[in-house]
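Have a look at the structure below, then the notes.
The values are calculated or read from the model by the stated rules, or taken from the named source; none is laboratory data. Keep in mind that what you see is a predicted model, and the values were worked out from it rather than measured. Heads up, the Cβs are rebuilt from the backbone with ideal geometry, glycines too, and the neighbour counts pull from every protein chain shown. What goes into the accessible areas is simple: the full protein's heavy atoms, side chains included, and nothing from ligands, DNA or RNA. Shrake-Rupley method; radii C 1.70, N 1.55, O 1.52, S 1.80 Å.
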Amino acid sequence: MSLYRVIFEKPCHLSVDLEHRALWAIKQLNFDLKKDGDLRKLQIFELEEIQNEAYDNARISKYKTKLFHDRSINQKNFVPGQKVLLYNSRLHLFSDKLRTRWSGPYLVHTVFPHGAVEISDLKNGSTFKVNGQRLKPSTPLSLSHTGLLKWVFANQSTRDEALLQIFLLFIVNLLGPFL
């Protein structure tokens, strides 16, 4: 029973053309199950291929991102006998914006292959192991002006970093007796 007959309580008479189209639509809905099953399998395989491509693209993107970030990591190579500074990573409750967080200098005794470094304090001679990421090479503070310029430009990658380093070393040398 059609919806039209339920609502208006009389049959609906369509033109021949509309009835032909309605019959054609019904025939299309009564499709072949084997053909439809094959189409569905094909769609599933295509979906799996798209998922595999997305997985590969994500893996390639992660690899490229890792390479990009790894390029910016500076490898620190320490040798025994080198003077280094140690980063003070304790919890800071009060903000000491202008206070340095580097302590030292310390002397490198042993460099382990997994990144740890054994250092000793120059003041009291105590020896301990630290993570190599917490160390940086100590900068010489008492250089002549020409030696200072040569040292700064040799150790800095850009001109702005070199000028900043010169300014900071100048301030440290100027305020050295007061620190």
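Observations on the model:
- For region 15-38, the criterion of a residue being outside any loop (DSSP other than H, G, I, E, B), at pLDDT 85 or above and more than 30 Å from Pro105 (Cα to Cα) is satisfied by at least one position.
- Residue pairs whose Cβ atoms lie under 7 Å apart, separated by 6 or more positions or on different chains, with the first residue in region 107-126 and on the phi > 0 side of the Ramachandran plot and the second surrounded by 14 or more Cβ atoms within 10 Å (Cβ to Cβ), are Gly115/Gly132.
- Close pairs from region 38-49: first open to solvent by 90 Å² or more (accessible area, probe 1.4 Å), partner part of a helix (DSSP H, G or I), Cβ under 8 Å, at least 6 apart: none
- Listing of strands (runs of 3 or more DSSP E) fully contained in region 100-155 that carry 1 or more residues being touching a helix residue (DSSP H, G or I) at 6+ places or on another chain (Cβ under 9 Å) and at pLDDT 75 or above: 102-111, 116-121, 135-137
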